[in-house]
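What follows is a short report on a single structure.
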Amino acid sequence: MIDDQLGDLSLEVAFNRITVLYKEAFLRHMERLDESIKGTLNGKSKYNLQYFFRRAEIFARCGEIYFSSLLKVESSLIKPDLAYAYPE
């Protein structure tokens, strides 16, 4: 919602480097995941790589990482069952 309200910041050229870094971290983390999760990520379900690599999703995940990891805000928005979507 923040991305949308502020004019699609995730589409700005300045966001390119963050997108690349997020994808690299996600894929590194993915190597350690259970085969069933890898299958889901490589499959056709809603929560596949194509979904997680959308720029708006990366923007949202980075915001959630910032709030939860750095500011220590607890939120029901961050789903523990999708922990792989929040690479360090």
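The values are calculated or read from the model by the stated rules, or taken from the named source; none is laboratory data. Just so it is clear, the model here is predicted, and its values are computed rather than measured. Glycine gets a Cβ as well: all are built from the backbone with ideal geometry, and neighbour counts include every protein chain shown.
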Search result, residues across the stretch 71-88 that are without any contact (Cβ under 8 Å) to a residue 24 or more places away in the chain and part of a helix (DSSP H, G or I): Pro80, Asp81, Ala83
Neighbours by Cβ (under 7 Å, 6+ apart or cross-chain): first from the stretch 53-70, modelled with pLDDT of 90 or more; second among the polar types (S, T, N, Q): Arg55/Ser10; Arg55/Thr19; Ala56/Ser10; Ile58/Ser10; Ile58/Thr19; Phe59/Ser10
Of all residues in the stretch 13-27 being farther than 12 Å from Tyr86 by Cα and in contact (Cβ under 8 Å) with a residue 40 or more places away in the chain, the one that is surrounded by the most Cβ atoms within 10 Å (Cβ to Cβ): Phe15
Count of the stretch 1-12 residues which are part of a helix (DSSP H, G or I) and either charged (D, E, K, R) or touching a residue at least 12 places away in the same chain (Cβ under 8 Å) (or both): 6
Residue in the stretch 20-39 that is within 12 Å of the chain's Cα centre (by Cα), modelled with pLDDT of 90 or more, charged (D, E, K, R) and over 20 Å from Leu9 (Cβ atoms) present: yes
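Looking only at residues in the stretch 40-55 that are of a type outside the set (Lys, Arg) and more than 10 Å from the chain's Cα centre (by Cα), which one is surrounded by the fewest Cβ atoms within 10 Å (Cβ to Cβ)?
It comes out as Ser45.
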Failed criterion for Leu33 (all others in (1) under 18 Å from Ile78 (Cα atoms); (2) outside any helix (DSSP H, G or I) hold): (1)
Residue in the stretch 32-39 that is closer than 19 Å to Asp4 by Cβ and touching a residue at least 24 places away in the same chain (Cβ under 8 Å) present: no
Check on Arg17, at pLDDT below 95, among the basic types (Lys, Arg) and under 17 Å from the mean Cα position of the chain (by Cα): no
